[in-house]
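Working notes, structure below.
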Amino acid sequence: MKHLLMALSLMLSPLAMAERSELGELQVTEVVGDLQHPWALTFLPQGQGSLITERPGRLRWLNAQGQLSEPLGGVPEVYAKGQGGLLDVVLSPQFTEDRLVYLSYAEGDAQGDKAGTAVGRGRLREDMGALDDFQVIFRQQPKLSSGIHFGSRLAFDREGYLFISLGENNQRPTAQHLDKLQGKLVRLQADGRVPPDNPFVDQQGARAEIWSYGHRNPQGLALNPWSGRIWLHEHGPRGGDEINIPRKGLNYGWPLATHGVNYSFLAIPEAQGERVAGTEAPQHVWEKSPAISGMAFYTAERFPAWQHNLFIGALADQSLIRLQLDGDKVVHEERLLKDKDWRIRDVRQGPDGYLYLLTDAPDGKLIRLGLEKGQ
């Protein structure tokens, strides 16, 4: 860890920027730039740097000295249209033994007209040059997207189950259809097999992969380190971005229940109100959509003032949202970095206790964020 911290200090831009937050002075530092629409970040163990996805279809290795690799080999072909492309990246819970890297991405159909979310895994070479033996373990069916609402975040729980968030491809009613994988959170074993205790395993006409349903476009997924439960957040339409804590087999409402309206300001045709019988109310809701993406619980000791906080990136609001938690309840909110004009796509806690942010742009950046003097 000491070697990693020394290397990180060397690779950071000397043009560190400072600004105030409610909890003190922020230290904002550019780690690396010239990333083309970076989407997700994961840290490798033992000071080996990190992996970064770029939406056009590239996986890059950033070493501990701040050098960005050429695109890695062995990455699947992606449907790089609209919001589609190479999306999330996470490591196997047993990465130090198996070196497996999981990728989510938009995958086109045979005609290239429609697409859906796919997930696969490959073994990262010791030289970091490629993923070997990449195998697709999951495909969203049917393929209905023309370039939007892929969802596509990945998270493992404490038992090693893989959760995959899936957008409804802008086909609203499908989020309520249990025979389709649009607008769902699915739960799989690490190799893609369906766990026998999934809620719809024995229900005729329902997909056995489904854990929960009625989601719109979930682009935040993380394991709450204190409760052990998976948290999910999703884009609303115009208004109504939500945080949910998805429970087994439950319906989270979209498009029947929503706090938002269409982008045209007209009502969602299927909507019956903000609360609808038989559906779950959001854990937290924004009446005005920040357009949320990425999510990280803060557990490190470096900045005690951030402990038991949840950090979420915002695209339209161009900010980092800090949520103070009391158990599962959001008790305070602060918007950070509002003057930077950054569309924040992903946020992760680094092994050094800093937060790391990816900005979604043709010349995107990896940013390191901390508090002055470990406040």
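Test V194 against the criterion of being farther than 17 Å from T258 by Cβ, of a type in the set (V, I, T), without any contact (Cβ under 8 Å) to a residue 60 or more places away in the chain and not in a loop (DSSP other than H, G, I, E, B), and give yes or no. Explain how you work it out, then say what you get.
Working: farther than 17 Å from T258 by Cβ: yes; of a type in the set (V, I, T): yes; without any contact (Cβ under 8 Å) to a residue 60 or more places away in the chain: yes; not in a loop (DSSP other than H, G, I, E, B): no.
No; evaluated as a whole, the condition is false for this residue.
Which of the following residues is within 23 Å of R158 (Cα to Cα) and of a type in the set (A, V, I, L, M): L221, L256?
Details: L256 fails: within 23 Å of R158 (Cα to Cα).
Matching residue, one of L221, L256: L221.
Please go through (1) crowded, with 20+ Cβ neighbours inside 10 Å; (2) within 21 Å of the chain's Cα centre (by Cα) for F303 and return the number of the only condition it doesn't satisfy.
(2)
At pLDDT 95 or above, over 16 Å from the mean Cα position of the chain (by Cα) and of a type outside the set (A, V, I, L, M, F, W, C): is that true of D197 in this structure? Spell out how you get there, then give the answer.
Values: at pLDDT 95 or above: yes; over 16 Å from the mean Cα position of the chain (by Cα): yes; of a type outside the set (A, V, I, L, M, F, W, C): yes.
The answer is yes for D197.
Could you tell me whether G278 is more than 25 Å from Q83 (Cα to Cα), over 20 Å from the mean Cα position of the chain (by Cα) and assigned to a strand (DSSP E or B)?
Values: more than 25 Å from Q83 (Cα to Cα): yes; over 20 Å from the mean Cα position of the chain (by Cα): yes; assigned to a strand (DSSP E or B): no.
No, not satisfied.
For the range 241-260, indicate whether the set of residues that are touching a strand residue (DSSP E or B) at 6+ places or on another chain (Cβ under 9 Å), surrounded by fewer than 24 Cβ atoms within 10 Å (Cβ to Cβ), without any contact (Cβ under 8 Å) to a residue 60 or more places away in the chain and not in a loop (DSSP other than H, G, I, E, B) is non-empty.
Initially, the range 241-260 is screened for residues touching a strand residue (DSSP E or B) at 6+ places or on another chain (Cβ under 9 Å), giving 241-254, 256-260.
Still in the running and surrounded by fewer than 24 Cβ atoms within 10 Å (Cβ to Cβ): 243, 245, 247-251, 256, 259.
Retained after the next criterion (residues that are without any contact (Cβ under 8 Å) to a residue 60 or more places away in the chain): 247-250, 259.
Applying the additional criterion that residues be not in a loop (DSSP other than H, G, I, E, B) yields none.
Within the range 241-260, none of the residues are touching a strand residue (DSSP E or B) at 6+ places or on another chain (Cβ under 9 Å), surrounded by fewer than 24 Cβ atoms within 10 Å (Cβ to Cβ), without any contact (Cβ under 8 Å) to a residue 60 or more places away in the chain and not in a loop (DSSP other than H, G, I, E, B).
Anything in the range 166-191 that is buried (at least 23 other Cβ atoms within 10 Å of the Cβ) and in a loop (DSSP other than H, G, I, E, B)? List them, or say none.
If the condition is that a residue be buried (at least 23 other Cβ atoms within 10 Å of the Cβ) and in a loop (DSSP other than H, G, I, E, B), then G167, E168, N169, K180, L181, Q182, G183 are the ones that fit.
Table: residues versus (1) in contact (Cβ under 8 Å) with a residue 40 or more places away in the chain; (2) out of contact with any Leu (no Cβ under 7 Å at 6 or more places or on another chain); (3) among the hydrophobic types (A, V, I, L, M, F, W, C); (4) closer than 16 Å to V89 by Cβ.
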{"residue": "A155", "(1), (2), (3), (4)": "yes, no, yes, yes"}
{"residue": "L162", "(1), (2), (3), (4)": "yes, no, yes, yes"}
{"residue": "A175", "(1), (2), (3), (4)": "yes, yes, yes, no"}
{"residue": "Q182", "(1), (2), (3), (4)": "yes, no, no, no"}
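Could you list, in sequence order, the residues of the range 141-165 that are within 26 Å of A80 (Cα to Cα), assigned to a loop (DSSP other than H, G, I, E, B) and over 17 Å from the mean Cα position of the chain (by Cα)?
Q141, P142, K143, L144, S146, G147
For every residue, the table says whether it meets (1) on the phi > 0 side of the Ramachandran plot; (2) outside any helix (DSSP H, G or I); (3) surrounded by fewer than 20 Cβ atoms within 10 Å (Cβ to Cβ); (4) more than 18 Å from the chain's Cα centre (by Cα).
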{"residue": "F265", "(1), (2), (3), (4)": "yes, yes, yes, yes"}
{"residue": "M295", "(1), (2), (3), (4)": "no, yes, no, no"}
{"residue": "G313", "(1), (2), (3), (4)": "no, yes, no, no"}
{"residue": "L325", "(1), (2), (3), (4)": "no, yes, yes, yes"}
{"residue": "D346", "(1), (2), (3), (4)": "no, yes, no, no"}
{"residue": "L357", "(1), (2), (3), (4)": "no, yes, no, no"}
{"residue": "K365", "(1), (2), (3), (4)": "no, yes, yes, no"}
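When the range 211-240 is examined, which residues are found to be outside any strand (DSSP E or B) and crowded, with 24+ Cβ neighbours inside 10 Å?
Pass one, the range 211-240, residues outside any strand (DSSP E or B): 214-216, 224-229, 236-237, 239-240.
Listed by number, the residues that qualify are G214, H215, R216, G236, G240.
Could you check, for the range 276-284, whether at least one of its residues is out of contact with any helix residue (DSSP H, G or I) (no Cβ under 7 Å at 6 or more places or on another chain), among the polar types (S, T, N, Q), surrounded by fewer than 22 Cβ atoms within 10 Å (Cβ to Cβ) and without any contact (Cβ under 8 Å) to a residue 24 or more places away in the chain? So that I can check it myself, show each step before the final result.
Here is the first cut: in the range 276-284, the residues out of contact with any helix residue (DSSP H, G or I) (no Cβ under 7 Å at 6 or more places or on another chain) are 276-284.
Add one more test, that the residue is among the polar types (S, T, N, Q), and what stays is 279, 283.
Right, trim to surrounded by fewer than 22 Cβ atoms within 10 Å (Cβ to Cβ) and you get 279, 283.
Pick out the ones that are also without any contact (Cβ under 8 Å) to a residue 24 or more places away in the chain and you get none.
No, the range 276-284 contains no residue that is out of contact with any helix residue (DSSP H, G or I) (no Cβ under 7 Å at 6 or more places or on another chain), among the polar types (S, T, N, Q), surrounded by fewer than 22 Cβ atoms within 10 Å (Cβ to Cβ) and without any contact (Cβ under 8 Å) to a residue 24 or more places away in the chain.
The values are calculated or read from the model by the stated rules, or taken from the named source; none is laboratory data. Here the structure is a predicted model, which is why all the values come from computation and not from measurement. Methodologically, a virtual Cβ is constructed for each residue, glycine included, from the backbone with ideal geometry; neighbour enumeration extends over all protein chains shown.
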